[in-house]
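The values are calculated or read from the model by the stated rules, or taken from the named source; none is laboratory data. The model shown is predicted, which means the values in this text are computed figures rather than measured ones. All Cβ positions, even for glycine, are placed from backbone atoms using ideal geometry, and neighbour counts span all protein chains on display. Ligands, DNA and RNA are stripped out before the accessible areas are found, and what is left, the full protein with its side chains, is counted by its heavy atoms. Shrake-Rupley method; radii C 1.70, N 1.55, O 1.52, S 1.80 Å.
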Amino acid sequence: TCARPVISKWGSENNRMLKSFAPILFLFLLTISGTVVAEGRVPFPDIPKGKGDKCILDTAYMRSNHMEVILHHRDDTVHQGKRTKRFSLIGCISCHAVPGADKKPVTVKSPKHFCRSCHDYAAVKIDCFQCHTSVPPTEASLK
């Protein structure tokens, strides 16, 4: 005597449902894969352009290493008393100020703030502005 194969009473129902769902799943996966292939990567944040022709250092370098540059300048200023304008935080803020609806620079409270464009994207907290101002020294209108 042969044992009868165990078949779930849900087996045939699930097969029909899976077969009817398969084309929808296929189209969904095709759509997603087309998007990934077309873009190639996760989209980058929209980074506002600074005022000058170029940054004080290579743009790609600054995007990756700006914190080291700022911290080095801080150490030179605080610990050694050297004050230069080249790597000053206020210089960065002045060049990268983003105008709001009123044509005045937005503060770090605004998601349009230059620093927040990347830091929000990367989920990195900005603590510079707990002590420092997040707008240029004169809140003159921006063009």
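What figure in square angstrom, to the nearest 10, would you give for the accessible area of residue 28 with a 1.4 Å probe?
Here the residue's solvent-accessible area equals roughly 120 Å².
Among the trypsin sites (Lys or Arg not before Pro) within the range 84-124, which fall in a DSSP loop and have no more than 13 other Cβ atoms within 10 Å of their own Cβ?
Passing both the DSSP loop test and the Cβ count: 85, 86, 103, 109.
Return the ratio Rg/(2.2 N^0.38 Å) for the range 36-143, where Rg is computed over Cα atoms only.
For the range 36-143, the normalised Cα radius of gyration comes out at 1.15.
Count the lysine pairs in the range 28-133 that are 8 or more places apart or on different chains: how many have C-alpha atoms under 17 angstrom apart?
12
Can you give the accessible area of residue 20, probe radius 1.4 Å, in Å² rounded to 10?
It works out to around 80 Å².
How large, in Å, is the range 60-101 by the Kirkwood hydrodynamic radius built from its alpha-carbon pairs?
One decimal place: 11.3 Å for the Kirkwood radius.
Would you tally the net charge around residue 83, using a Cβ to Cβ cut-off of less than 12 Å, leaving residue 83 out, and scoring K and R as +1, D and E as -1?
Combined, the nearby Lys, Arg, Asp and Glu give +3.
Would you mind listing how long the range 38-78 runs along its three principal axes, going by Cα atoms, in whole Å with the largest first?
48, 22, 14
Hey, what's the range 52-128 come to in accessible area per residue, 1.4 Å probe, Å²?
70 Å²
Taking all protein chains together and a probe of 1.4 Å, list 138, 77, 133 from the most accessible to the least accessible.
Result of the area sort, largest leading: 138, 133, 77.
Given 10 °C and 1.306 mPa s, compute D for the range 72-121 with the Stokes-Einstein relation, Rh being the Kirkwood radius over Cα pairs; round to the nearest whole µm²/s.
Rounded to a whole number, D works out at 129 µm²/s.
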